[in-house]
Amino acid sequence: MIDATHDPEASSWVASANGHPDFPIQNLPLGVLSYGTDSPRVVVAIGDMALDVGRLLSAGLLEGEAALAAQMASGQWLNALFAMGAGPRRALRTRLFALLSSKGRDRAPEDALKPIADGIVHLPAFIGDYTDFYAGIHHAMNVGKLFRPDNPLLPNYKHVPIGYHGRSSSVRPSGAPVVRPTGQRKSPDGDVPVFGPSQRLDYELELGVWIGPGNQLGSRIPIASAAAHIAGLSLLNDWSARDLQAWEYQPLGPFLAKSFITTVSPWVVTSEALAAYRLPQPPRPDGDPAPLPYLAGGEAYAIELDVLLETPAMRERKLAPHRLSRTEATNLYWTVEQLVAHHTVNGCNLQAGDLLGTGTISAPRADGYGSLLELTGGGKTALELPSGETRTFLQDGDTVIMRGRAHAPGRVSIGFGECRGTVAPSPPVS
């Protein structure tokens, strides 16, 4: 699957693409933008610009599978294109690369390009269902130690990918405000719960997995073909109200502590673009059980992930956002293919545009923890920021920024754009 579109020497006649930290010509991620009063349109990011795919089709610059793919991407969602699978996506990618390459015989019309910054980002697909997994073992260990110091991992963790059914209606693209949730919470020494805004608002650093072709109800996706059902990846912030979660999660798991919002980066970095950044899944530690046969397979991604925090005081003083942690996607215990195979092993049907979250991706060291719950030891140790402020959990006005870059020796790094959200105060309770 590695071809000329991954050539590290390739450049684009779109000047901002050359050396761009996220969107060089080797990436070409898919998204949905609107400008002014126009309807949302499927676009491809190239440097600081967005290329209108439909404009290429109307100009007669696409043929065959590439034209068919563009026709399926002519609305405001990518679901129909995702459902077609890798072949049409690859054909479209190849043609887009040729039209944007500095060595291409044909060129995309310049009026098909608009600055990304002038547009409004939308969700890339209509999300019929959203499932969040718990595949980051270091996060699971760190959280487990807070509640079960002598036995942090439950017995099933290393045998089965753990997940829960999330709320698809509250998934929003990067930049949407994060309204502080209100609900019940109970302190460990309290006799009864109290009602009010969450006091322990947190983020969770994850990857979002966009489903391509689905499966019929009652059928399964084998692990060997799971990769063909993955359209691409985004960044994902699984915002969490830790105090609401602690009170409500037994016996059925997260509910109001998670469902108030989930933020995704608006660009889908396709499986075709990521082909150059796949690598073998790191071996399990000695003594860990081997996956059952239906889960035996899958690869990892060489993706570096950062979390940054910007407070209102930092913005006022024009201080740069402060990096809280850096980790790698190779810290996932379960591969993305394993998540897909397990999700469908009981006959559950996935559909094009469905979204999976990987679970929080933490490194084994403290500077790579993917949540404040871990960084502060459950709120016991405050973080010191360059502005002189401290944080245990998020305050109103705080902005969380997530970034990711796929990297490999001899390859141009490609990025995901930002996944950001700013905390807004909880509305008054009437």
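Criterion first (part of a helix (DSSP H, G or I), among the hydroxyl-bearing types (Ser, Thr, Tyr) and more than 13 Å from the chain's Cα centre (by Cα)) does SER259 satisfy it? It is false that SER259 is part of a helix (DSSP H, G or I), among the hydroxyl-bearing types (Ser, Thr, Tyr) and more than 13 Å from the chain's Cα centre (by Cα).
If the requirement is being of a type in the set (D, E, K, R) and surrounded by fewer than 21 Cβ atoms within 10 Å (Cβ to Cβ), which of these qualifies: ARG107, ARG89?
Values: ARG89 fails: surrounded by fewer than 21 Cβ atoms within 10 Å (Cβ to Cβ).
None of the others qualify; the one that does is ARG107.
Filtering segment 1-53 to residues that are buried (at least 22 other Cβ atoms within 10 Å of the Cβ) and over 25 Å from the mean Cα position of the chain (by Cα) leaves SER12, VAL14. Any chance segment 229-243 includes a residue that's surrounded by 20 or more Cβ atoms within 10 Å (Cβ to Cβ) and more than 24 Å from the chain's Cα centre (by Cα)? Checking segment 229-243: at least one residue is surrounded by 20 or more Cβ atoms within 10 Å (Cβ to Cβ) and more than 24 Å from the chain's Cα centre (by Cα).
Does segment 388-408 contain at least one residue that is in a loop (DSSP other than H, G, I, E, B), in contact with a His (Cβ under 6 Å, 6 or more places away or on another chain) and buried (at least 16 other Cβ atoms within 10 Å of the Cβ)? Spell out how you get there, then give the answer.
Filtering segment 388-408 for residues in a loop (DSSP other than H, G, I, E, B) gives 388-389, 392-398, 407-408.
Then keep just the ones that are in contact with a His (Cβ under 6 Å, 6 or more places away or on another chain); that gives none.
The answer is no, given that none of the residues of segment 388-408 is in a loop (DSSP other than H, G, I, E, B), in contact with a His (Cβ under 6 Å, 6 or more places away or on another chain) and buried (at least 16 other Cβ atoms within 10 Å of the Cβ).
Kindly provide the set of residues from segment 368-387 that are in contact with a Leu (Cβ under 7 Å, 6 or more places away or on another chain) and in a strand (DSSP E or B), ordered by number. Hit for segment 368-387 is LEU383, nothing else. Of the residues making up segment 30-64, those that are out of contact with any helix residue (DSSP H, G or I) (no Cβ under 7 Å at 6 or more places or on another chain), in a loop (DSSP other than H, G, I, E, B) and in contact (Cβ under 8 Å) with a residue 60 or more places away in the chain number 1.
Among the criteria (1) β-branched (Val, Ile, Thr); (2) surrounded by fewer than 22 Cβ atoms within 10 Å (Cβ to Cβ); (3) within 30 Å of PRO364 (Cα to Cα), the one ILE137 does not fulfil is (2).
Number of residues in segment 296-323 that are in contact with a Phe, Trp or Tyr (Cβ under 8 Å, 6 or more places away or on another chain) and of a type in the set (A, V, I, L, M): the value is 3. Restricting attention to segment 72-100, the residues being closer than 16 Å to ILE25 by Cα and either touching a Pro at 6+ places or on another chain (Cβ under 9 Å) or of a type outside the set (Phe, Trp, Tyr) (or both) number 11. Answer yes or no as to whether ALA300 is surrounded by 18 or more Cβ atoms within 10 Å (Cβ to Cβ), more than 18 Å from the chain's Cα centre (by Cα) and either modelled with pLDDT of 95 or more or in a helix (DSSP H, G or I) (or both). Criteria not met by ALA300.
Out of everything in segment 69-79 that is in contact with a helix residue (DSSP H, G or I) (Cβ under 6 Å, 6 or more places away or on another chain) and over 22 Å from SER12 (Cβ atoms), what residue ends up being surrounded by the most Cβ atoms within 10 Å (Cβ to Cβ)? Reasoning before the result, please.
Here is the first cut: in segment 69-79, the ones in contact with a helix residue (DSSP H, G or I) (Cβ under 6 Å, 6 or more places away or on another chain) are 69-70, 72-74.
Within this subset, residues satisfying the condition of being over 22 Å from SER12 (Cβ atoms) are 72, 74.
Values: MET72: 20, SER74: 14.
Of everything passing the filter in segment 69-79, MET72 is surrounded by the most Cβ atoms within 10 Å (Cβ to Cβ).
If the condition is being within 18 Å of ILE127 (Cα to Cα) and either surrounded by fewer than 24 Cβ atoms within 10 Å (Cβ to Cβ) or without any contact (Cβ under 8 Å) to a residue 24 or more places away in the chain (or both), then segment 210-228 contributes PRO213, GLY214, ASN215, GLN216, LEU217. On inspection, GLY287 does not qualify as of a type in the set (Gly, Ala, Ser), assigned to a loop (DSSP other than H, G, I, E, B), in the same structural domain as LEU339 (by TED's automatic domain parsing) and in contact (Cβ under 8 Å) with a residue 40 or more places away in the chain.
For segment 177-209, a tally of residues being small (Gly, Ala, Ser), surrounded by fewer than 18 Cβ atoms within 10 Å (Cβ to Cβ) and in a loop (DSSP other than H, G, I, E, B) returns 2.
When the residues of segment 147-176 are filtered to those that are of a type in the set (Ser, Thr, Tyr) and outside any loop (DSSP other than H, G, I, E, B), the one that is modelled with the lowest pLDDT is TYR164. Consider PHE82 carefully, then state whether it is touching a residue at least 60 places away in the same chain (Cβ under 8 Å), surrounded by 20 or more Cβ atoms within 10 Å (Cβ to Cβ) and touching a helix residue (DSSP H, G or I) at 6+ places or on another chain (Cβ under 6 Å). No, not satisfied.
Only one entry of LEU332, LEU292, LEU339 meets the criterion of being of a type in the set (A, V, I, L, M, F, W, C) and over 15 Å from the mean Cα position of the chain (by Cα), and that entry is LEU292.
Scanning segment 308-336 for residues that are in contact with a Gly (Cβ under 7 Å, 6 or more places away or on another chain), in contact (Cβ under 8 Å) with a residue 60 or more places away in the chain and part of a strand (DSSP E or B) gives SER325, THR327, LEU332.
Kindly indicate whether LEU372 is in the same structural domain as TYR277 (by TED's automatic domain parsing) and over 25 Å from TYR333 (Cα atoms).
Details: in the same structural domain as TYR277 (by TED's automatic domain parsing): yes; over 25 Å from TYR333 (Cα atoms): no.
No: the conditions fail for LEU372.
Being part of a loop (DSSP other than H, G, I, E, B), closer than 18 Å to ALA275 by Cα and touching a residue at least 12 places away in the same chain (Cβ under 8 Å) is the filter here; which residues of segment 5-20 pass it? Across segment 5-20, the qualifying residues are ASP7, PRO8, ALA10.
Is it the case that ALA363 is in a helix (DSSP H, G or I) and closer than 19 Å to TYR134 by Cα? Here the answer is no, as ALA363 does not meet what is asked.
The values are calculated or read from the model by the stated rules, or taken from the named source; none is laboratory data. Just so you know, these numbers come straight off a predicted model, no measurement behind them. Counting neighbours? That spans all protein chains shown, and the Cβs are built from the backbone with ideal geometry, glycine included.
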